[in-house]
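J.: The structure under discussion is supplied below as structure tokens; questions concerning it will follow.
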Amino acid sequence: MEEKLSTNDSNLKITAKKKYALKKRRSMGSPVWLNLMYVPALLLFCVFIFYPFFNGIKISFTNWDGYSQAFSWVGIENYKRMLDDPNIGTVIKNTLIYGVGSTLFQNLIGLFYAILLNQSIKARGIVRTIVYLPAIISPLIMGYIWYFFFQFDGGALNDIILLFQDKPLNLLANPELNVWIITFVNTFQFIGIAMVIYLAGLQSIPADFYEAAELDGASASKKFRYITLPMLMPSITINVVLNLIGGLKLFDVIVALTNGGPGYASQSLSTMMYKIYFASQDAGYASALGNLTFVLISLISITALIYLRKKEIA
């Protein structure tokens, strides 16, 4: 018996020594040479993110045309011009519609699909794949696919409309509708991503919570309100922030469907910046618009992130 006790004591001492050594190693941190592994990624980040960002700020204070070597400093003239631009209000409004509208619809429909396809129904794997499939297509290609559906001359939708009336509808040239058509196409393409994130959140909720609620006689609506939604807040945060960023910088779908027209009726800040840089050869003003886009996206997305994080269950 004494031998067994002494053996156990020695084992405990060895285990304690190992734990102490491991704790000491962790407290010492990583070796210095290991931190050098970050250098290549840091260099790439500086070259492709920091340098273009600060160079864009510099260009916004010049009258550079984007091509020639000659340019002069104009101070804040490009920013004054932006404030006086009669089209900037329409463009900012469109950008907000693309961002907020896409976020709202993608989250509502994506959550609906996730709840529906989280049930034990036949062929749910196939349906999930079909819903997610548009997300793997290039946004530009997706825009052209829908263009052939909405186009005035020979579009699939107008072919159906002509069965009931004499004149086709020029939907993409209608300033009151084309912004919402673009929002719809963007929503349709990325519903699948929102659905997958919500599915992951739903499957991480313990079944015990629902069983306890059923024993207390809670209805389906109360279970959704008091269990599902609070437990899904991390998924909601991820989806909302990603959708806001994607919608506010929307570019490809707009170019494919309307190219920002008619006039500036469906332009976003991204397409306006592109048009001014390449069509008007005004890199200084385009850079000022790019900085406005950065500030707008940062303010809205960070505000949403902070607000939604406070709603998450600790």
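The values are calculated or read from the model by the stated rules, or taken from the named source; none is laboratory data. Computed from a predicted structure; not experimentally measured. We place every Cβ from the backbone using ideal geometry, glycine too, and count neighbours over all the protein chains shown.
J.: Go through the range 69-111 and count every residue that is of a type in the set (A, V, I, L, M, F, W, C), part of a helix (DSSP H, G or I) and either within 17 Å of the chain's Cα centre (by Cα) or not assigned by TED's automatic domain parsing to the domain that holds P230 (or both).
T.: Here the count works out to 8.
J.: Pull out all pairs, ordered by first then second residue, where Cβ-Cβ is under 9 Å, the residues are six or more apart or on different chains, the first lies in the range 194-209 and is in the same structural domain as I130 (by TED's automatic domain parsing) and hydroxyl-bearing (S, T, Y), and the second is buried (at least 20 other Cβ atoms within 10 Å of the Cβ) and assigned to a loop (DSSP other than H, G, I, E, B).
T.: If the second residue must be buried (at least 20 other Cβ atoms within 10 Å of the Cβ) and assigned to a loop (DSSP other than H, G, I, E, B), the pairs left are Y198/L232.
J.: Something else about it: Could you grab me the full set of residues in the range 254-269 that are polar (S, T, N, Q) and under 11 Å from I92 (Cα atoms)?
T.: S266, Q267, S268
J.: Let me ask something else about it. Any idea how many residues of the range 51-82 are more than 20 Å from T271 (Cβ to Cβ) and not aromatic (F, W, Y)?
T.: 14
J.: Check S60 against each of (1) in the same structural domain as N291 (by TED's automatic domain parsing); (2) in contact (Cβ under 8 Å) with a residue 24 or more places away in the chain and name the one condition it does not meet.
T.: Unmet for S60, out of (1) in the same structural domain as N291 (by TED's automatic domain parsing); (2) in contact (Cβ under 8 Å) with a residue 24 or more places away in the chain: (1).
J.: Filter the range 134-182 for residues that are small (G, A, S) and either touching a Ser or Thr at 6+ places or on another chain (Cβ under 6 Å) or over 18 Å from T271 (Cβ atoms) (or both) and give the result.
T.: The answer is A135, G154, G155, A156.
J.: Further, regarding this structure: Give me a count of the residues in the range 130-170 that are in a helix (DSSP H, G or I), exposed (fewer than 15 other Cβ atoms within 10 Å of the Cβ) and of a type in the set (G, A, S).
T.: Final tally of qualifying residues: 1.
J.: Scan Y210, Y198 and give me the residue that is in contact with a Gly (Cβ under 8 Å, 6 or more places away or on another chain) and farther than 25 Å from A256 by Cα. Can you show your working first?
T.: Numbers: Y210 fails: in contact with a Gly (Cβ under 8 Å, 6 or more places away or on another chain).
Among Y210, Y198, only Y198 is in contact with a Gly (Cβ under 8 Å, 6 or more places away or on another chain) and farther than 25 Å from A256 by Cα.
J.: Then there's this: Of I254, I227, I245, which residue is farther than 30 Å from P175 by Cβ, aliphatic (A, V, I, L, M) and in the same structural domain as V179 (by TED's automatic domain parsing)?
T.: Answer to the selection: I227.
J.: Please list, ordered by first then second residue, the pairs with beta carbon atoms under 8 Å, 6 or more apart or interchain, first in the range 164-180 and free of Cβ contacts under 8 Å to residues at least 40 places away in the same chain, second part of a loop (DSSP other than H, G, I, E, B).
T.: Once the first residue is free of Cβ contacts under 8 Å to residues at least 40 places away in the same chain and sits in the range 164-180, its partners that are part of a loop (DSSP other than H, G, I, E, B) give P168/F152; P168/D153; P168/G155; P168/L162; L169/F152; N170/F152; L171/F152; L171/L177.
J.: Out of the residues in the range 132-163 that are touching a residue at least 12 places away in the same chain (Cβ under 8 Å) and over 20 Å from I254 (Cβ atoms), state the one that is farthest from the chain's Cα centre (by Cα).
T.: Looking at the filtered set, the residue picked out is D153.
J.: For the range 186-305, which fully contained helices (runs of 4 or more DSSP H) count at least 2 residues that are under 29 Å from R124 (Cα atoms)?
T.: Details: elements: 207-215, 220-223, 233-248, 252-257, 269-274.
Hits in the range 186-305: 207-215, 220-223, 233-248.
J.: Got a number for residues in the range 112-129 being more than 23 Å from the chain's Cα centre (by Cα), in a helix (DSSP H, G or I) and charged (D, E, K, R)?
T.: Adding up the residues that qualify gives 1.
J.: Provide a single number: the residues in the range 200-233 that are surrounded by fewer than 15 Cβ atoms within 10 Å (Cβ to Cβ), under 23 Å from Y132 (Cα atoms) and polar (S, T, N, Q).
T.: Matching residues across the range 200-233 total 2.
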